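The values are calculated or read from the model by the stated rules, or taken from the named source; none is laboratory data. Treat the numbers as computed from the prediction; the structure is a model and nothing was measured. For neighbour counting, all protein chains shown are included, and Cβ atoms are generated from backbone atoms with ideal geometry for every residue, glycine included.
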Amino acid sequence: MFRLRFLTAGESHGKGLTGIIEGIPANLQITPDYINRQLSRRQAGFGRGGRMRIESDMVEFISGIRWGVTIGSPVALFIENRDWKNWQEGMSPLAEEKGSVPPVTRPRPGHADLPGATKYHQDDIRNILERSSARETAIRVAIGAIARRFLEEFGITVGGFVTAIGNASMSIDPSVLKEEDLKALSGSAEDSDVRCPEDDTAIRMKEAIEKATGEGYSLGGTFLVHAVGLPVGLGSHIQWDRRLDGRLAHAFMGIQAIKGVEIGNGFELAARPGAEVMDEIYPSPDTESPKSVLRKTNHAGGIEGGITNGMPVVVRAVMKPIPTQHKPLRSVDIVTGEPFEATYERSDVCAVPAASVIGEAVMSLVIADALLEKFGGDSMEETKRNYENYLKNM
Ligand SMILES: Cc1cc2nc3c(=O)[nH]c(=O)nc-3n(C[C@H](O)[C@H](O)[C@H](O)COP(=O)(O)O)c2cc1C
């Protein structure tokens with residue numbers, strides 16, 4: 001992050017989750033309802049476990065916002081964990097309140113449990129799993145909602161949808177999807193509880209989740225996130241860490257359980273001849289702006305040389321199957337050294353729809369950061385002035 005920075009804190013069964021974001025200009029209007037809408041999108045989805053019924057996340061503004069408007073100082077947000085009342089003893093920060101909750105000594109394969117306990121020298125794996133849990137993504141979505149609100153002021157919108165759950169997938173070619181196609185697809189996904197815009201694929205996805213639930217295994221999948229309405233020129237070719245594609249890949253890979261990211265046509269490009277997959281440049285029919293050009297395809301996913309080229313930015317990501325499942329997995333107790341088969345705990349069977357909402361949040365953060373890097377500004381008025389001036393003089 002260059003102009004924005006944010007941090008999250010909080011344990012899964014602690015008092016709650018805290019987030020701080022710094023760098024959002026003053027005078028951006030924002031309401032708790034706007035953020036809560038994103039939080040409830042993250043919580044929905046066919047295939048989620050019991051926790052989603054306990055939690056109905058609500059954000060509280062702690063600082064940086066006055067009378068519904070940002071004031072330029074760091075914005076701090078808080079989301080209470082509704083389950084905290086049952087964990088006050090087990091998760092108390094105070095030594096004198098130490099409870100009798102037994103330690104977790106059985107690492108779950110596919111989680112941070114074993115490497116985390118080894119690295120942080122812990123005999124109680126709870127000290128690792130409480131933080132590695134994807135519960136943390138609630139506050140990331142809240143912070144991302146502020147970035148999303150900021151981008152709206154520049155006509156930039158971020159959306160997404162699920163493209164596969166297990167073997168149930170929709171065929172999609174990002175190179176032919178125009179801004180309006182992407183908006184229509186993500187719009188229809190809002191009505192689907194697997195966040196898939198294709199009705200017959202959504203039915204197959206739900207059947208796959210039902211089968212997995214019945215047979216005791218979990219499922220992963222893929223999702224697509226897009227940003228439209230972007231100007232040319234966000235990100236830069238001049239240094240590896242300023243490339244927007246790299247920044248996006250980092251942000252998506254920073255989501256728990258994400259194991260692969262592609263921009264535009266991504267991995268499929270490996271097998272195609274070069275002449276087929278470059279997005280050729282044509283003169284624009286717009287006679288009022290003689291220098292503007294036209295692309296008929298978008299294999300590059302809106303980024304060339306690490307810089308936005310004005311086409312929609314399109315990212316797809318792969319989520320692995322949820323590690324916790326009914327089918328027992330072999331592991332070894334870290335205290336006794338005894339092998340065992342992990343017993344089942346309450347868990348999601350599939351969380352790809354939620355992951356796609358988290359993907360939208362991190363995309364919003366990366367694009368907002370790149371926009372502020374390019375246009376600067378300490379108030380919305382200043383950032384907008386700089387932005388409009390750039391567009392006028394292109
Ligand atoms: C939205 C979301 C929900 C998740 N729910 C669960 C869950 O209920 N049970 C579980 O074992 N893992 C769940 N995971 C996956 C783990 O958080 C993740 O696999 C684990 O933290 C290990 O990280 P890694 O897969 O990136 O190595 C979820 C992930 C996401 C993004």
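Does Glu345 qualify as being at pLDDT 95 or above, among the charged types (D, E, K, R) and either under 12 Å from Gly159 (Cα atoms) or more than 15 Å from the chain's Cα centre (by Cα) (or both)? Spell out how you get there, then give the answer.
On the way: at pLDDT 95 or above: no; among the charged types (D, E, K, R): yes; either under 12 Å from Gly159 (Cα atoms) or more than 15 Å from the chain's Cα centre (by Cα) (or both): yes.
So Glu345 does not fit the description; no.
Asp286: at pLDDT below 95 and acidic (Asp, Glu), yes or no? Explain how you work it out, then say what you get.
Values: at pLDDT below 95: yes; acidic (Asp, Glu): yes.
Here the answer is yes, as Asp286 does meet what is asked.
Given (1) away from the ligand (no atom under 16 Å from the Cβ); (2) at pLDDT 95 or above, where does Ser292 come up short, assuming only one miss?
Result: Ser292 passes all but (2).
Quick one: which helices (runs of 4 or more DSSP H) lie wholly within segment 107-163 and hold at least 1 residues that are aliphatic (A, V, I, L, M) and closer than 30 Å to Tyr34 by Cβ?
137-152
Pick out the one residue from Gly266, Gly254, Gly260, Gly220 that is within 17 Å of Ala368 (Cβ to Cβ) and touching a helix residue (DSSP H, G or I) at 6+ places or on another chain (Cβ under 9 Å). Spell out the reasoning first.
On the way: Gly266 fails: within 17 Å of Ala368 (Cβ to Cβ); Gly260 fails: within 17 Å of Ala368 (Cβ to Cβ); Gly220 fails: within 17 Å of Ala368 (Cβ to Cβ).
Only one candidate passes the filter, namely Gly254.
Consider Gln38 against the criteria (1) assigned to a loop (DSSP other than H, G, I, E, B); (2) closer than 12 Å to Val141 by Cβ: it satisfies all of them except one. Which criterion is unmet?
Result: Gln38 fails condition (1) only.
Would you mention how many residues in segment 283-311 are touching a helix residue (DSSP H, G or I) at 6+ places or on another chain (Cβ under 8 Å), over 23 Å from Lys392 (Cβ atoms) and either surrounded by fewer than 23 Cβ atoms within 10 Å (Cβ to Cβ) or hydrophobic (A, V, I, L, M, F, W, C) (or both)?
Taking segment 283-311 first, the residues touching a helix residue (DSSP H, G or I) at 6+ places or on another chain (Cβ under 8 Å) are 297-299, 301, 303, 306-308.
Filter once more, so that each one left must be over 23 Å from Lys392 (Cβ atoms): 297-299, 301, 303, 306.
Applying the additional criterion that residues be either surrounded by fewer than 23 Cβ atoms within 10 Å (Cβ to Cβ) or hydrophobic (A, V, I, L, M, F, W, C) (or both) yields 297, 299, 303, 306.
Total satisfying the criteria: 4.
Output yes when any residue across segment 310-328 is over 27 Å from the mean Cα position of the chain (by Cα), at pLDDT below 95 and within 16 Å of the ligand (Cβ to nearest atom), and no when none is.
Narrowing segment 310-328 to residues over 27 Å from the mean Cα position of the chain (by Cα): 327-328.
Next cut, at pLDDT below 95 only: 327-328.
Narrowing the set further to residues that are within 16 Å of the ligand (Cβ to nearest atom) leaves 327-328.
Scanning segment 310-328, I find at least one residue that is over 27 Å from the mean Cα position of the chain (by Cα), at pLDDT below 95 and within 16 Å of the ligand (Cβ to nearest atom), so the answer is yes.
Could you say whether any residue in segment 210-218 is in contact (Cβ under 8 Å) with a residue 24 or more places away in the chain, within 16 Å of the ligand (Cβ to nearest atom) and part of a helix (DSSP H, G or I)?
Yes, there is a match, as at least one residue in segment 210-218 is in contact (Cβ under 8 Å) with a residue 24 or more places away in the chain, within 16 Å of the ligand (Cβ to nearest atom) and part of a helix (DSSP H, G or I).
Taking into account only those residues within segment 165-187 that are within 19 Å of the chain's Cα centre (by Cα) and free of Cβ contacts under 8 Å to residues at least 60 places away in the same chain, which is farthest from Phe6 (Cα to Cα)?
Leu185
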